[in-house]
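Input: a single structure, listed below in structure tokens.
The values are calculated or read from the model by the stated rules, or taken from the named source; none is laboratory data. Note that this is a predicted model, so its numbers are computed, not measured. Neighbour counts run over all protein chains shown; Cβ positions are idealised from the backbone, glycine included.
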Amino acid sequence: MPGNLRAFTAELIGTFALIFVGAGAVCMETITGKVGLTGIALAHGLTIMAMAAALGPVSGGHFNPAVTAGMLATRRIDPVRGVGYILAQLLGATLAALFLSQILHNFDVAANAPFLGSCDLSGIGFKGGAAIEAVITFFLIFVIFGTTENDKSPIAPLIIGMTITTGIFVAGPLTGGAINPARAFGPALVSGHWANHLVYWIGPLVGGVAAALRWDNFLLKKR
């Protein structure tokens, strides 16, 4: 259990950082208009890069239920540990959104950033949104397996962070670019903004598991 506790703590902290910085950047764009899509994409990607480098050796650096689902589907993590990871990720996301709601109090969050960086659809329907999230998440988990499971790349955190950044450039204007159920869950829970929320579970989970199975069954070097 001490090993699990360390891993769960790492997942909570890493996910907290992602939502605090990523959703925080969205809030700052909403309030000031000075961050932009590039800043939001980099906020997410650079945070994952840093957290994966720092905490990857402790927990594997999932910080995303879709990553954990891919690892569960390919039996790289046992179910009890996997459920613990997902609960830690959702708790970290919720705490980050709560913290954001407090520190942004002076900016009149109710008027200027009412949804705390929550993701929602824009100019695209439910099916299209889920498809976008699935495809971008497929690429993310595909890269994670290629850089950490197939060959251990010393720059895996950088490549993974870049994948998230580029994914948000495409998905951000359409879905908010969650690519991660926890990223959508924390701000939605705290702000009460649940519009189209299932998109951010269905898309990433389908895409993540599909990418993991593709690597595991067809591309991964035989052990």
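Numbers at a glance
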read-out	value
Residues of the stretch 175-198 that turn out to be in contact with a Leu (Cβ under 7 Å, 6 or more places away or on another chain) and over 20 Å from V83 (Cα atoms), as a count	5
Selection from the stretch 178-210 of residues that are surrounded by 19 or more Cβ atoms within 10 Å (Cβ to Cβ), among the small types (G, A, S) and touching a Phe, Trp or Tyr at 6+ places or on another chain (Cβ under 8 Å)	A178, A182, A184, A188, S191, G207, G208
Any pair with Cβ under 9 angstrom, 6 or more apart, that starts in the stretch 142-157 at a residue that is without any contact (Cβ under 8 Å) to a residue 60 or more places away in the chain and ends at one that is loosely packed, with under 12 Cβ neighbours inside 10 Å and among the small types (G, A, S)	none
Residue within the stretch 87-103 that is modelled with pLDDT under 95, surrounded by fewer than 16 Cβ atoms within 10 Å (Cβ to Cβ) and at positive phi present	no
Tally of residues being over 15 Å from the mean Cα position of the chain (by Cα), surrounded by fewer than 23 Cβ atoms within 10 Å (Cβ to Cβ) and farther than 22 Å from I144 by Cα across the stretch 17-67	12
Residue, modelled with the lowest pLDDT, within the stretch 167-223, restricted to residues that are charged (D, E, K, R) and over 16 Å from A96 (Cβ atoms)	R223
